[in-house]
Amino acid sequence: MIEALGERIRATQTPLVIRAGGSKDFYGQQIEGDILDVSGHRGIVSYEPGELVLTAKCGTPLAEIEALLDRHGQMLGFEPPHFGTASTLGGTLACGLSGPRRPHAGSARDFVLGMEILDGTGQHLKFGGQVIKNVAGYDASRLMVGSLGTLGVLVQASLKVLPKPQSELTLQFELDETTALKRMNEWSGQPLPVSASLWQSGILSLRLSGASSAIMRAQAKLGGDHHLNGPDFWRQHRDHETAFFSGDLPLWRLSLPPSAPPSSLAGKQIITWGGAERWLKTDADAAEIRAWAAAHGGHATLFMGGHKAAGAFHPLPRALMKYHLRLKGQFDPRGMLNRGRMYPDF
Amino acid sequence: MQTQLADSLKDTPEGREADRILRTCVHCGFCLATCPTYQILGDELDSPRGRIYLMKQMLEGAAVTNRTLTHLDRCLTCRNCETTCPSGVEYGKLLDIGRKLAESKVARPLSQQLQRKALATMLPQKKLFGGLLKLGRMAKPFLPATLSLKIPPSPLSRQGREAITPHARKMLVLAGCVQPALAPQINEAATRVLDGIGISLIEAENAGCCGALSFHLNFQEQGLEAMRRNIDAWWPHVQAGAEAIMMTASGCGVTVKEYGHHLRHDSRYAEKAARISALTRDVSEVLLSEEAALRGWLARRGPRESSRVSFHAPCTLQHGQKITGVVEALLTVAGHTIMPVSESNLCCGSAGTYSLLEPDISSKLRDRKLGHLSAPQPDVIATANIGCLTHLQSGTPIPVRHWVELL
Amino acid sequence: MIAPKIIRRLQSVLPPDCLLLATEDLKPFETDGLTAFRNIPDVVALPETENQVKSILRICHESGTPIVFRGAGTGVSGGALPVDGAVLLAMTRFNRILSIDPLARLARVQPGVRNLAISEAAAPFNLYYAPDPSSQIACTIGGNVAENSGGVHCLKYGLTVHNVLSIRVLTIEGDELVIGSEALDSPGYDLLALLTGSEGMLAVTLEVTVKLLPKPERTQVVLAAFDDIGKGGAAVGAVIAGGVLPAGLEMMDRLAVEAAEAYAHAGYPLNAKAILLVEVDGTQEEVSEDVMRVREILLAAGATEVRTARDEAEQKKFWAGRKAAFPAVGRLAPDYYCMDGTIPRKSLPDVLKRMAALSEQHALPVANVFHAGDGNLHPLILYDANRPGEWEKAERFGADILELCVAHGGSITGEHGVGIEKINQMCVQFGSAELGAFHGIKACFDPDGLLNPGKAVPTLHRCAEYGAMHVRGGKLPFAELPRF
């Protein structure tokens, strides 16, 4: 399969659009080209619970991986969004998306130990490995995470996995935006077993994970109301299945320092990641949104809908763009892989 | 570390000692972190590891200039690095050898020679120093600020001498060279406390400077002479049953504890010196071992005013003698509150004559230290060495006292 | 040698005490924490301002002069080894903590700030910086970023790359880049991951923003003794498989214990063949539960003694011994050579057995210190550099150990970096395609190859040469390359 994919890349004269489950077709710039279907390259290569390491081909459905881990009391620490049943490991890593647990456990790239790719010349490259610590050579594995397939086709990845917490509990508090932001930051600075947070319409939801006794004591300390269906609550939010995400208004994702102030932008809002991620449903001007995010030390992504002509991703400073172009030129000199998916320039 | 000592040195006692010490260093660099001069200057050559390397190349026969000498001069000899060193490198001993060798290879400028000679000659003589200090105090209003700050004011009015009853238990106490003139109240306080717990302190007639001042200014022979003189002065008392030689200045204490090492090649004195070193104890060690008696005395005497105390542990106490936490515990027993002080391992910049020879680095370290000591807003700063005491006092209105005065 | 013309240019931008030129002053910079490799630098620059750094880079770029960066010089892979004709640029004077934001839990520091100094400065807010390499008392954060340093708490808290939010760097072409941000992600490629661990090959770090974590409510250290090192190795896997994610899981063998005990007086059992230190942290309840579970697992795995630290002071002593274990080994032999391979945990007993055999074969003792939870081995090969031929023997022994790690699916370096030391073993771990990609990455940032030349990534010719000496199983590595 890898040889065939490599041959296809070497031979192509038209740019390729890499695709597996297609669950994140909406993400990034919309591009045209021949589809390079990698969904057939699937299967878990190795998994040893005692090593906390799993290796799988990138076309493997995320659901299959999570089901296997679940049977052994383990999980993907970055709690990746699925956006449907078709999502695969490769697409998840290429987009570099992480879910509610991210600020507490780490991001998708934090859990990547090794990556095999096919670069733009069809060459099969193996970076990193299957061990927790490895600093031999440049960290090209993690460079691939979030690169949207513009540097190479991800074909296989090794991930560090985590034991599942013994139990989880979701608490809810009635708080205004300013107070909620303050609380999220304060609680994150204390040794509390917080594993997710979300503020929407005057309600702050907080997930606690860990030993039952620890959760009970944290609950006693924090108060709040017990949410009876915590797991569904967090899953629905993670996969954008709640009412907030429906409707035609553009969906923006603002990534900010967690202590950034409440936004002055128009539109509906959800605050997650302890204040570091803010979802915005708005038809406010792209330039205005980006200016506000940048002024507060962050950036804004036009996540879904709207006019991608304004750029799906926050523009890069000129000096940084120079090094992006050079890296793209190294890995994909002919510009065949997902050209323009991240920025129109490459 | 690999070594290749110069032929002229490798079979001498000092060469062998230096080689042994050098070989224990694995060049890990941990010592950089706790070296005061490296903190200030940020140049490896002003760190223990850098100096070890400078000494190594000198011992291996490379040509040296006053660059090496300058970096060795800048060392405070605080020996913080020895506390930090996991490999057990005896840096202080190596430095003694290195400084002597460097001095023999590099000619100092005349002005430096005169300054160091003057310090080595005058300070150790208590009468001469006392007289000069009196003159200095009289002239203080007329001196430039940089100089006048270095002259400490007269000691506070003394507490009335209580009648001291002679006890069967006796210990020698060293008056030292500069302490009697600068702060006679320290030994008076020590005498009072020891009297309270049933021990008489005696000062031997001919004892004087411990030898550290001249030795560390690289007038090593003059320093050794002072050591021999003290041993001669103490020996009859030791034979008459003095239990210990008690030190109220940790700077002297660390030196007297090393008499055995310094005089190990002196056939006439080696044995006596070792015995003297073995008998030497800091006043904190003495009081710790007499804690029950101390508590009894404190109870009989009744409570005194309790103070918030920032304690500065002199390097010669915590690194040189490896005495940590004892003074703090004793002051707590006496009802004082010990304030938390950050960077408590770092030198205050006094370091014997260092404050006079390297005034820039010294005052930077003093101000840094005083910042940490005064941060918790103490009533008083306590320390355990006369050098640190006067040096710190020159930069702060907060009273700086020897801790034994607070008992 | 650097041309006098270039020296004069450097002198024009640096005050005299920021530029060392005399041999006497240069020799102490000939090596870092790995003294087996030494090379006297041509010139050492100790700049005090960022403008001075910029000027040095500009002069070097224009004149084609290479630069080697240096922090505290505690690295143990020879990453800061001077290169002929290069400027050795020490960043130690950039040692200020610029700001600490307790609410957002981050610290902005200059690259010369010591790792431990960050945690000390954050302590009043009950926060700390998690990665704690054993040299944390002295090593600088700039060096940590360059090496992607780990420590004893990596298993739970990650390496440097997981704990740095942002860096400001300067490239040889003079571009000042802010990479990452105070937010949790940034647009574009993850250059933060790429530059972390790039061993001074891509850019020089001017500023680092790190993440601070709340100090755990409680930590507890369990010490277990084993009468067989293999049993100790197996116990490591058992703890992880038991569902506990310890904050630290360390192992030392008898020789390492002996040396560490002599320094730290931690009360380690000196008769044990191996000891494990297991640190668990979290809330009161979590720690109590985990300690119980860990004790049971260790006893079931055949521990002859399981001890829980009585108080914080004893915990500190347990760790002090471990953290000083490398240099403390200096008490056992005049020199040691520290390796840094990683392996899957399950291979630990096998690798240990094989290493004992190698020790006999090379007739050199080896003291073992491991970040066992991460499968990160630190065998310390004891030798005497003053004895002719002994270093070469130690080096061969070390190479065998690293290749053993690769054969078990591991890596030649877990946290110390490749530097100059493991440059040949890179050829064992990677094929020519990957090495080519690494050279490509290097060329993106440093097209003229001026930064730390000759380190971290071997040239393909070097691999061909090394491969020629190492014909394994009848297969010639890099057969496609021309040999000379």
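The values are calculated or read from the model by the stated rules, or taken from the named source; none is laboratory data. Owing to the predicted nature of the structure, the values given are computational and were not obtained by experimental measurement. Backbone-built Cβ (ideal geometry, glycine too); neighbour counts: all protein chains shown. The area values use the complete protein model at the heavy-atom level, side chains included, leaving out ligands, DNA and RNA. Shrake-Rupley method; radii C 1.70, N 1.55, O 1.52, S 1.80 Å.
Show that you can apply the helix-only estimate: for chain C, add -39,500 (n - 2.57) for every DSSP H stretch of four or more residues, divide by all residues, and state [θ] at 222 nm to the nearest 500.
Numbers: 18 runs with 174 residues, N = 484.
The helix-only estimate for chain C comes to -10500 deg cm²/dmol at 222 nm.
Length gain on complete extension for the stretch B:L110 to B:S267, per 0.36 nm per residue less the alpha carbon to alpha carbon distance? Kindly include the intermediate steps, with their values, before the conclusion.
On the way: separation 157, 0.36 × 157 = 56.52 nm, distance 3.54 nm.
Result for the pair: 53.0 nm of gain on full extension.
With +1 on the Cβ of every Lys and Arg and -1 on the Cβ of every Asp and Glu, and nothing else charged, how large is the dipole of the protein assembly as shown about its Cα centre, in debye rounded to the nearest 20? Don't jump to the answer; show the numbers that get you there.
Working: 126 positive and 128 negative charges, 507 e Å.
With only Lys, Arg, Asp and Glu charged at Cβ, the dipole is about 2440 debye.
If you take the charge dipole of chain B about its Cα centre, with +1 on Lys and Arg Cβ and -1 on Asp and Glu Cβ, which of B:L317, B:M171, B:T396 is farthest toward its positive end?
About the Cα centre, the residue reaching furthest to the positive side is B:T396.
Dimensions of segment A:167-238 along principal axes (Cα, Å, largest first)?
The Cα atoms of segment A:167-238 stretch 30, 27, 19 Å along the principal axes, largest first.
Could you compute how much accessible area chains B and C hide from each other, both sides summed, with a 1.4 Å probe? Nearest 100 Å² is fine.
By this definition, chains B and C bury close to 3000 Å².
As I understand it, the value is the acute angle between the Cα axis of helix C:390-407 and the longest principal axis of the Cα atoms of chain C; what does it come to in degrees, rounded to 10?
It works out to around 70 degrees.
Within segment A:189-213, find all residues whose amide N lies under 14 Å from a label point positioned 7 Å from the Cα of C:R293 along Cα-to-beta-carbon.
A:209-213
Can you compute the helix-only [θ] at 222 nm over chain A? Use -39500 (n - 2.57) per DSSP H run of at least 4 residues, normalise by all residues, nearest 500 deg cm²/dmol.
Computed mean residue ellipticity for chain A: -7500 deg cm²/dmol.
With +1 on each Lys and Arg Cβ and -1 on each Asp and Glu Cβ, how big is the dipole of chain C about its Cα centre, in debye rounded to the nearest 20?
Result for chain C is approximately 340 debye, rounded to the nearest 20.
For chain C, what Kirkwood radius comes out of the mean inverse Cα-Cα distance, in Å? Working shown, then result.
Details: mean 1/r = 0.0428 Å⁻¹.
Evaluated over chain C, this radius sits at 23.4 Å.
Can you compute the radius of gyration and Dmax for segment B:7-105, using only the Cα atoms, both in Å?
Taking only Cα atoms of segment B:7-105, I get Rg and Dmax of 12.5, 38 Å.
Which FRET efficiency value, to the nearest 0.05, is calculated for A:E32 and A:A284 with the Förster distance at 22 angstrom and r the Cβ-Cβ distance? Before the final figure, lay out the partial values.
Working: r = 29 Å, r/R0 = 1.30.
With R0 = 22 Å, the Cβ-Cβ based efficiency is 0.15.
A:H227's amide H: which non-local residues (gap 5+, or another chain) put their own amide H closer than 5 Å, with H modeled 1.01 Å from N in plane and none for Pro or chain starts?
Those lying under 5 Å, H to H, from A:H227 are A:T170, A:L171, A:Q172.
Given N residues in segment A:97-221, what is its alpha carbon radius of gyration divided by 2.2 N^0.38 Å?
Dividing the Cα Rg of segment A:97-221 by 2.2 N^0.38 Å gives 1.38.
What 222 nm value per residue comes from the helices of chain B, counting each DSSP H run with n ≥ 4 as -39,500 (n - 2.57) and dividing by all residues, nearest 500 deg cm²/dmol?
Value at 222 nm, helices only: -14500 deg cm²/dmol.
Give me the net charge for the shell around B:H312: Cβ to Cβ below 13 angstrom, other residues only, Lys and Arg +1, Asp and Glu -1.
With Lys, Arg at +1 and Asp, Glu at -1, the neighbours total +2.
Under 5 Å between amide hydrogens, which residues at least 5 positions from A:I203 or on another chain qualify, with H placed 1.01 Å from N in the peptide plane?
Excluding prolines and chain starts, which carry no amide H, the hits are A:L175.
By what distance, in whole Å, do the Cα atoms of segment B:169-286 stretch along each of the three principal axes, largest value first?
The Cα atoms of segment B:169-286 stretch 40, 31, 23 Å along their principal axes.
Looking at A:P261, C:L81, B:A249, which one has the Cα that reaches farthest to the positive end of the dipole of the protein assembly as shown (charges on Cβ: Lys, Arg +1; Asp, Glu -1)?
B:A249
Could you work out the longest stretch of chain C that avoids the GluC sites (Glu not before Pro) located in DSSP loops with at most 14 other Cβ atoms within 10 Å?
Segment C:49-479 is the longest.
In whole Hz and in residue order, list the ³J(HN,Hα) couplings for segment C:44-53 that follow from phi through the Karplus curve 6.51 cos²θ - 1.76 cosθ + 1.60, θ = phi - 60°; x for Gly and Pro.
10, 10, 10, x, 10, 10, 5, 4, 5, 4
Measure nothing fancy, just the Cα-based angle from helix C:432-445's long axis to the longest principal axis of chain C, in degrees from 0 to 90, nearest 10.
50
Among the DSSP beta bridges whose two residues both lie in segment C:1-143, what percent are antiparallel, rounded to the nearest 5?
50
With both partners inside chain A, how many of the DSSP beta bridges are antiparallel, as a percent to the nearest 5?
Close to 90 percent.
Go through B:K93/C:K323; C:K422/C:K455; A:K24/A:K57; A:K133/C:K346 and tell me which ones have a Cα-Cα distance over 20 Å in this structure.
With Cα atoms farther than 20 Å apart: B:K93/C:K323.
I need the phi-derived Karplus couplings for segment C:289-301: 6.51 cos²θ - 1.76 cosθ + 1.60, θ = phi - 60°, integer Hz, Gly and Pro marked x.
With the stated coefficients, segment C:289-301 comes to 5, 5, 4, 4, 5, 4, 4, 4, 4, 5, 5, 5, 7 Hz.
Between A:D25 and B:Q377, take the C-beta separation as r, use R0 = 51 Å, and let me know the FRET efficiency to the nearest 0.05.
Working: r = 64 Å, r/R0 = 1.26.
Efficiency computed from Cβ-Cβ geometry: 0.20.
Go through A:A4, A:P49, A:S98 and say which Cα lies farthest out towards the positive end of the charge dipole of segment A:1-123; charges sit on Cβ, +1 for Lys and Arg, -1 for Asp and Glu.
Value: A:S98.
Pairs of lysines 8 or more apart, or on different chains, with alpha carbons under 26 Å: count those in segment A:214-328, would you?
Taking segment A:214-328 as the scope, the lysine pair count is 5.
To the nearest 20 debye, what charge dipole does segment A:82-175 have about its Cα centre, counting +1 at the Cβ of each Lys and Arg and -1 at the Cβ of each Asp and Glu?
180
Once you've got the GNM for chain A with C-alpha springs shorter than 10 Å, pick whichever of A:A284, A:A293, A:A56 has the biggest mean-square fluctuation.
Its mean-square fluctuation being the largest, the pick is A:A284.
Give me the Debye-computed log₁₀ of I(q)/I(0) at q = 0.04 Å⁻¹ for the protein assembly as shown, equal point scatterers on Cα only, no solvent, two decimals.
-0.25
With only alpha-carbon pairs counted, each pair once and no self-pairs, how large is the Kirkwood hydrodynamic radius of segment B:303-406 in angstroms? Mind dumping the intermediate values first?
On the way: mean 1/r = 0.0735 Å⁻¹.
For segment B:303-406, the Kirkwood estimate is 13.6 Å.
Enumerate the residues in segment A:229-263 having an amide nitrogen under 20 Å from the point lying 7 Å beyond the Cα of A:S212 toward its Cβ.
Counting only backbone N, you get A:229-232.
Could you work out the percent of alpha carbon pairs in chain A separated by over 28 Å, rounded to a whole number? List each step's numbers first, then the result.
Working: 26656 of 59685 pairs.
The calculated P(r) of chain A puts 45 percent of pairs beyond 28 Å.
For chain A, with all protein chains present and a 1.4 Å probe, just round the carbon and sulfur fraction of the accessible area to a whole percent.
Details: 6440 of 12440 Å².
Roughly 52 percent, rounded to a whole number.
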